[in-house]
Structures are given as C-alpha cells and as structure tokens.
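Structure, as structure tokens:
The values are calculated or read from the model by the stated rules, or taken from the named source; none is laboratory data. Computed from a predicted model, the values in this text were never measured in an experiment. Here the Cβ is made from the backbone with ideal geometry for all residues, glycine too, and neighbour counts use every protein chain on show.
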Amino acid sequence: MGKVSNAVVERVAKAENVDPRELNVSLYEVIDPDALDALFAPTCNGPRPVGKITFEFCGHTVVVTGDRTVSLADERSAAVSPTDD
C-alpha cells in the first residue's frame, strides 16, 4: 500500500498542473510526512475506519480521511487514495 504522504504531494501537484518535484513548498515544511503516514497506516485488523486530518499545503486545504482518501477542500472531485509502491 502506498504512502499517504506521497498521495498528498501527487494530488496537490495534479491540482497545480506540475510535476510533484516542482511544487514550491516541501511537504516537510508544513507537516511531518512520517507522522502522517503513521496516522493512516493500516492496523492489525485492517484499514482504519475513522479519522481525518486537514492542513494547508501549497495554497490548498488538504483533507485526508481514515480510508486514506486524499482530497482538496477547494476541489470537490478527483479524490485519490494511495496506490501500491
């Protein structure tokens, strides 16, 4: 299962229409990516059924939910989930 932090970067880059490496702010500058991944890592019983975190990144309000869906509050469509690495 892919990392939520990678899905956040990819989602914001898609919204900005740039390559993820071309974002003007590093995710590390706004949130700890390892902590974000740990918050939404599957439990021994499977995926986490609940949970939500919202934060600002590159001018977008990012929303990550317990099912590992990453969406942007300013764009109601095209939510993504992490994919296998």
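Whenever a residue of the range 39-53 is free of Cβ contacts under 8 Å to residues at least 40 places away in the same chain and on the phi < 0 side of the Ramachandran plot, its partners that are of a type in the set (S, T, Y) and surrounded by 12 or more Cβ atoms within 10 Å (Cβ to Cβ), lying with C-beta atoms within less than 9 angstrom and at least six residues away or across chains, give the pairs F40/T65; V50/T65; K52/T65; I53/T65.
Here the range 28-39 is the region considered, the condition is being closer than 13 Å to F55 by Cβ and not acidic (D, E), and the residue that is modelled with the lowest pLDDT is L39. Being farther than 13 Å from V9 by Cβ, modelled with pLDDT of 90 or more and assigned to a strand (DSSP E or B) is the filter here; which residues of the range 56-85 pass it? Hits for the range 56-85 are E56, T61, V63, T65, S71.
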